[in-house]
Amino acid sequence: MSKEQLRDKFYTLSEEEVLSKLEATPQGLTSAQAQERLAAYGRNELQEDEKRTVFQKFLDQFKDLMIIILLAAAGLSVLTEGVHGLTDAIIILLVVVLNAAFGVYQEGQAEAAIDALKSMSSPSARVLRDGHAKEIDSKELVPGDIVMLEAGDVVPADMRLLEANSLKIEESALTGESVPVDKDLSVELTEDAGIGDRLNMGYQNSNVTYGRGLGVVTNTGMFTEVGHIANMLANADESDTPLKQNLNQLSKVLTYAVLVIAAITFVVSVFVRGEAPLKSLMTAVALAVAAIPEGLPAVVTIVLSMGTQVLAKRNSIIRKLPAVETLGSTEIIASDKTGTLTMNKMTVEKIYQNGTMADAAEPISHDSKTLRVMNFANDTKFDQEGKLIGDPTETALVQFGWDKDFDVRSALKAEPRVAEIPFDSDRKLMSTLHQEADGRIFVAVKGAPDQLLKRITQIDVDGQVRPITDADREDILATNKSLAKQALRVLMMAYKYDSAVPIELTSEVVENDLIFAGLVGMIDPERPEAAEAVRVAKEAGIRPIMITGDHQDTAEAIAKRLGIIDPNDTENHVFTGAELNELTDEEFQKVFKQYSVYARVSPEHKVRIVKAWQNEGKVVAMTGDGVNDAPSLKTADIGIGMGITGTEVSKGASDMVLADDNFATIIVAVEEGRKVFSNIQKTVQYLLSANTAEVLCIFLATLFGWDVLEPVHLLWINLVTDTLPAIALGMEPTEPGVMKHKPRGRNSSFFSGGVLGAIAYQGIFQAALVLGVYAYAIANPVHSTYSEIHADALTMAYATLGLIQLVHAFNVKSVYQSVFTVGPFKNKTFNWAIIGSLLLLIVTLTVPFLEEVFHVTHLDLSQWFVVVAGSFAMFALVEIVKFIQRILGQDKKAI
């Protein structure tokens, strides 16, 4: 037997052929055979990628173009400006190192959070070895091992089933199907049968919920279906986040701007003003360094980190920092159904008895035969904490009775079970017999309506039993069909009374001449808050779509109940995996937009669907919990894993993990993401408009032959005004109506939404006001000597530039709205940042021993009045411009 044989489609082969291919016997392997195969095939575990060291993570933070530009600027500063340049370089390096440290810290925190969520331990397995049953570590399993399964077990490897006694396996991690699968060894399957249809197979990491089974291991480790998906992950495309794209774009713009500014300044200094080439080069470099917002990377990291803390408190754990912002640009949310949009818990929804339909919320009599049968013909157990254990369908029936104050435990004490005929997949029925106080035997039967109705001869209507008529049967069948159309799983309840326990406990004796009691319709219901979350998503311009491995009818029904599909829409908006198989990528690209629900899909299908939307330029978020979701989670712009039901593989492929597995939490995260981008955009606007003003001041002063600002002035202003206020702007509260705007999309940038124009005109205004104050000081001196006049003018220009940037920080709270509309003092952190920065600025202007260090003089009240008036003029001018823009409707066009 070679490894190649492990790729055979064992579900198409007979039991004899499977055992022959695997060189195995029903008695199991010997220990010697097992050891040989373990050496040949390796341990039954997934291969893990080698974890990066802290140093490697730290180095990765320096690969960003913006960081490279900053490091280059630091080097040039040292080469051209000596001591002043060294100080500037140290500040830049400090910012860069802090930025890298934040990135490493956040990545480590996210990994620790994910590790805390991963509580899955490798299960043991019961196997036949050397002809005896023994328990081994599942990692020691090899192809050919015979494994015994029973309710509560985790299937330890892929296997072809040899026995299936009422065996049900929950395979939602692989298929997305919320209901456990009834295993059937009699089926004949073709090679193209999907995983959910392979009723004679058991797959690694699925859960046995009912019955017993025996299987021969066909694949282990990376050869299992889970391993196949892990291999797909290694080849999945991982797209850049919109934030990374925006930062790269900003870096390119700044690079070109810096080169152009430096070149023009050098040419003007040398050829127009006749300055020495070396001095002109130093001026050009200083100007270029002034144009770079060295605090931006740190501010972006801090804002994103704060976003992760907010989201963590709201059940969203961020694994990668840029994911916070990516959420805000999301245009498509492709969601799995089970557990995310639904409760992942079967629930009774409809009861049909006495010829009428009732909702589960309505009261029901404890004497109802329907209620008694659903609780009696049931193998649900209670654990020590009182929680229900067993098949999800059966626990749903008991939970319904419990909610109606029907205590099945007390009922069974009064009417104990004395015999039973267990469920099996052939007859699709289960019966239990109970001893009543009067000596009679109550026979409770539940099962598939099409099978059970054949065995019914009477009907119970309001406690009166009469022969069942053809009209009764037609009514029952019509009701069953109506419930099935609503994607409800329907079970029929019937009963009868016997004088004693039959001598022959056979289906023919016990399960005949029954009395119809009622029908019970169950479903994995949508989460209560999911429909509202879908509505909010649509209002925010986000299209929710459902991608599930579940059946088409179930997916469509839930989608209509949630509003993903309009219930009144007669067009077909559901596409199946089988239909997708018939189309090429090019053909699918032409039609995919019309579908909002994809059912019965495979991992490959999910990746194709995500890529189709990405090819349209859309930002796609994908949710998932199973290993089958992992490749698409990695391919999506933001992969969202489930913290409760999610598998280790799906969490590892995700950018974000929902601690509560709730779709509504995604919408909360989207709102936070939009706020984060908006605040980063405000920071960019603030920093670049300030830097534009500084560059224009020095550039125009160079043309005019003025010495407006000293290098130390620029250094201190950048340190004081570009840090605290910029960081505080990242903490601005969410602007009203943020979830009523359309997503900005992949093609937007930090300069979109009117920000580029705002940077330009606000930078020009600041430069004009600073140069105006300088010119006023020269023209209206309070001293007689030129050196004193120039010193005053220099001081007033420095004071105005510093103060004007602090005043301007209020302007950028909104691109178009008045600061009084958004609230000038709502952000307490911002208020303290402005006060702190103002004090640091004033200290340099008022403390005597600092006057020489900062090249400033003592200003009188009239000069301070000019400085303050010039600074606050900036606030008034921007408010006027915003007012005009709102009148012209530019604020509406930018949304």
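The values are calculated or read from the model by the stated rules, or taken from the named source; none is laboratory data. These numbers come from a predicted model, not from an experiment. We place every Cβ from the backbone using ideal geometry, glycine too, and count neighbours over all the protein chains shown.
Test Leu838 against the stated conditions and say whether it is within 19 Å of Val712 (Cβ to Cβ) and within 48 Å of the chain's Cα centre (by Cα).
yes
Condition test on Ala530, is it among the hydrophobic types (A, V, I, L, M, F, W, C) and closer than 30 Å to Phe663 by Cβ?
The answer is yes for Ala530.
Is it the case, given these coordinates, that Ala767 is out of contact with any strand residue (DSSP E or B) (no Cβ under 6 Å at 6 or more places or on another chain), part of a helix (DSSP H, G or I) and in contact (Cβ under 8 Å) with a residue 40 or more places away in the chain?
Against the criterion (out of contact with any strand residue (DSSP E or B) (no Cβ under 6 Å at 6 or more places or on another chain), part of a helix (DSSP H, G or I) and in contact (Cβ under 8 Å) with a residue 40 or more places away in the chain), Ala767 qualifies.
May I ask you to list the residues in the stretch 134-164 that are part of a strand (DSSP E or B), assigned by TED's automatic domain parsing to the domain that holds Asn200 and β-branched (Val, Ile, Thr)?
Once the filter is applied, which keeps residues that are part of a strand (DSSP E or B), assigned by TED's automatic domain parsing to the domain that holds Asn200 and β-branched (Val, Ile, Thr), the stretch 134-164 yields Ile146, Val147, Val154.
Mind checking which helices (runs of 4 or more DSSP H) fall wholly inside the stretch 165-276 and carry at least 3 residues that are at pLDDT below 80 and of a type in the set (Ser, Thr, Tyr)?
In the stretch 165-276, 242-267 are the helices (runs of 4 or more DSSP H) which contain 3 or more residues that are at pLDDT below 80 and of a type in the set (Ser, Thr, Tyr).
When only residues in the stretch 190-210 that are surrounded by fewer than 24 Cβ atoms within 10 Å (Cβ to Cβ) and among the small types (Gly, Ala, Ser) count, which is farthest from Leu174 (Cα to Cα)?
So, considering only residues that are surrounded by fewer than 24 Cβ atoms within 10 Å (Cβ to Cβ) and among the small types (Gly, Ala, Ser), the one farthest from Leu174 (Cα to Cα) is Ala193.
Restricting to the stretch 869-895, name every residue that is more than 27 Å from Pro736 (Cα to Cα) and either surrounded by 15 or more Cβ atoms within 10 Å (Cβ to Cβ) or not hydrophobic (A, V, I, L, M, F, W, C) (or both). Quick ask: steps written out before the conclusion?
Taking the stretch 869-895 as the starting set, the residues that turn out to be more than 27 Å from Pro736 (Cα to Cα) are 869-871, 873.
Across the stretch 869-895, the qualifying residues are Gly870, Ser871, Ala873.
Tally time: how many residues in the stretch 601-622 are farther than 14 Å from Ser335 by Cα and either out of contact with any strand residue (DSSP E or B) (no Cβ under 8 Å at 6 or more places or on another chain) or of a type in the set (Lys, Arg) (or both)?
9
Take Gly563 and decide whether it is free of Cβ contacts under 8 Å to residues at least 60 places away in the same chain and not charged (D, E, K, R).
For Gly563, the condition - free of Cβ contacts under 8 Å to residues at least 60 places away in the same chain and not charged (D, E, K, R) - is met.
With (1) of a type in the set (Gly, Ala, Ser); (2) assigned to a helix (DSSP H, G or I); (3) under 21 Å from Lys882 (Cα atoms) as the list, and Ala791 as the residue in question, which single condition is left unmet?
Only one criterion in (1) of a type in the set (Gly, Ala, Ser); (2) assigned to a helix (DSSP H, G or I); (3) under 21 Å from Lys882 (Cα atoms) is unmet by Ala791, namely (3).
If you check Leu433, Leu429, which single one turns out to be at pLDDT below 95 and surrounded by 13 or more Cβ atoms within 10 Å (Cβ to Cβ)?
Values: Leu433 fails: at pLDDT below 95.
The conditions single out Leu429.
Residue check: is Phe382 among the aromatic types (Phe, Trp, Tyr), farther than 15 Å from Gly447 by Cα and either in the same structural domain as Lys183 (by TED's automatic domain parsing) or at pLDDT below 95 (or both)?
Spelling it out, Phe382 is indeed among the aromatic types (Phe, Trp, Tyr), farther than 15 Å from Gly447 by Cα and either in the same structural domain as Lys183 (by TED's automatic domain parsing) or at pLDDT below 95 (or both).
Could you list, in sequence order, the residues of the stretch 631-658 that are outside any loop (DSSP other than H, G, I, E, B) and either over 20 Å from Arg543 (Cβ atoms) or over 10 Å from the mean Cα position of the chain (by Cα) (or both)?
Of everything in the stretch 631-658, those that are outside any loop (DSSP other than H, G, I, E, B) and either over 20 Å from Arg543 (Cβ atoms) or over 10 Å from the mean Cα position of the chain (by Cα) (or both) turn out to be Pro631, Ser632, Lys634, Thr635, Gly641, Met642, Glu648, Val649, Ser650, Lys651, Gly652, Val657.
Filter the stretch 668-697 for residues that are surrounded by fewer than 24 Cβ atoms within 10 Å (Cβ to Cβ) and among the aliphatic types (A, V, I, L, M) and give the result.
Within the stretch 668-697, Val668, Val695, Leu696 qualify.
Suppose the filter is more than 30 Å from Arg466 (Cα to Cα), among the small types (Gly, Ala, Ser) and touching a residue at least 60 places away in the same chain (Cβ under 8 Å); does Ala533 pass it?
Values: more than 30 Å from Arg466 (Cα to Cα): yes; among the small types (Gly, Ala, Ser): yes; touching a residue at least 60 places away in the same chain (Cβ under 8 Å): yes.
Against the criterion (more than 30 Å from Arg466 (Cα to Cα), among the small types (Gly, Ala, Ser) and touching a residue at least 60 places away in the same chain (Cβ under 8 Å)), Ala533 qualifies.
Condition first: within 19 Å of the chain's Cα centre (by Cα) and either aromatic (Phe, Trp, Tyr) or more than 25 Å from Ser172 (Cα to Cα) (or both). Now tell me which residues in the stretch 599-630 satisfy that.
Of everything in the stretch 599-630, those that are within 19 Å of the chain's Cα centre (by Cα) and either aromatic (Phe, Trp, Tyr) or more than 25 Å from Ser172 (Cα to Cα) (or both) turn out to be Trp613, Gln614, Lys618, Val619.
Out of Lys134, Lys139, Lys168, report the one residue that is of a type outside the set (A, V, I, L, M) and crowded, with 21+ Cβ neighbours inside 10 Å.
Lys168
For the stretch 147-165, which positions are aliphatic (A, V, I, L, M) and surrounded by fewer than 24 Cβ atoms within 10 Å (Cβ to Cβ)?
Answer for the stretch 147-165, where residues must be aliphatic (A, V, I, L, M) and surrounded by fewer than 24 Cβ atoms within 10 Å (Cβ to Cβ): Met148, Ala151, Val154, Leu162.
Listed residues Thr469, Thr479; which is in contact with a strand residue (DSSP E or B) (Cβ under 9 Å, 6 or more places away or on another chain), assigned by TED's automatic domain parsing to the domain that holds Ile441, polar (S, T, N, Q) and exposed (fewer than 14 other Cβ atoms within 10 Å of the Cβ)?
Testing whether each residue is in contact with a strand residue (DSSP E or B) (Cβ under 9 Å, 6 or more places away or on another chain), assigned by TED's automatic domain parsing to the domain that holds Ile441, polar (S, T, N, Q) and exposed (fewer than 14 other Cβ atoms within 10 Å of the Cβ) leaves just Thr469.
Being aliphatic (A, V, I, L, M), closer than 30 Å to Glu529 by Cβ and outside any helix (DSSP H, G or I) is the filter here; which residues of the stretch 659-716 pass it? Quick ask: steps written out before the conclusion?
Kept after step one, since they are aliphatic (A, V, I, L, M), are these residues of the stretch 659-716: 659, 664, 666-670, 676, 680, 684, 687-688, 690, 693, 695-696, 698, 700-701, 703, 708-709, 712, 714-715.
Checking the rest, the ones that are also closer than 30 Å to Glu529 by Cβ come to 659, 664, 666-670, 676, 680.
Scanning the stretch 659-716 gives a single hit, Ala659.
Residue by residue through the stretch 179-217, note down the ones that are closer than 11 Å to Leu162 by Cα and touching a Phe, Trp or Tyr at 6+ places or on another chain (Cβ under 6 Å).
Selection gives Asn200, Met201.
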